[in-house]
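Some notes on the structure that comes next.
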Amino acid sequence: MSANRTHRSSLTTPPFPPRAASRPHLIGIREAATYLCCSTVTVRRRAKDGSLPYYPVHGRLMFDPADLRRFLQVRRVDARALTSDEQP
């Protein structure tokens, strides 16, 4: 082997970063509908109207479960708000 040749292992690129660090775990529209206890039509409607964040991946709507949790948390109604003795 010639002294001018570079060893192949020195030309390799570093490994990809771990999946969790590089991108979120995404779920499809059916899984999102199941998580939200609604239909896929409702999930699609909320995504298109901008109230539910999504990722368009190869023509499919994909969702981050953390976004789904935030979506539910923002819409949570406190039980105290439903009591009749506090209403005017």
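No value in this document is a laboratory result; all are computed from the given coordinates. All figures in this text were calculated on a predicted structure; none of them were measured in a lab. Cβ: placed from backbone, ideal geometry, glycine included. Neighbour counts: every protein chain shown.
Can you give me the distance in nm between label points at L72 and V41, each placed 7 Å from the Cα along the Cα-to-Cβ direction?
Modelled inter-label distance: 2.3 nm.
Sorted by average packing, counted as other Cβ atoms within 10 angstrom per residue and highest first, what order do 56-62, 29-35 take?
My ranking of the peptides, most packed first, is 29-35, 56-62.
Report ³J(HN,Hα) in whole Hz for each residue of the stretch 65-79, in order, from the Karplus equation J = 6.51 cos²θ - 1.76 cosθ + 1.60 where θ = phi - 60°; Gly and Pro get x.
The phi angles translate into x, 5, 5, 5, 4, 4, 4, 5, 4, 5, 8, 5, 9, 5, 4 Hz.
Hey, can you grab everything whose amide H is under 5 Å from the amide H of M62? Only 5+ residues off in sequence or another chain; H modelled, so Pro and N-termini drop out.
Residues meeting the amide H criterion: Y55, V57.
What FRET efficiency comes out for S51 versus R80 if R0 is 25 angstrom and r is the Cβ-Cβ distance? Round to the nearest 0.05. Each step should come with its number before you reach the end.
Working: r = 25 Å, r/R0 = 1.00.
In this case the efficiency is close to 0.50.
For a quick check: with amide H placed at 1.01 Å from N, whose amide H comes under 5 Å from L52's, ignoring anything fewer than 5 positions away on the same chain?
Close amide H contacts, sequence-distant or interchain: A47.
Using alpha carbons only, what's the Rg to Rh ratio of the stretch 21-74 with Rh from Kirkwood? All intermediate terms of the calculation are to be shown ahead of the outcome.
On the way: Rg = 10.3 Å, Rh = 11.1 Å.
For the stretch 21-74, the value is 0.93.
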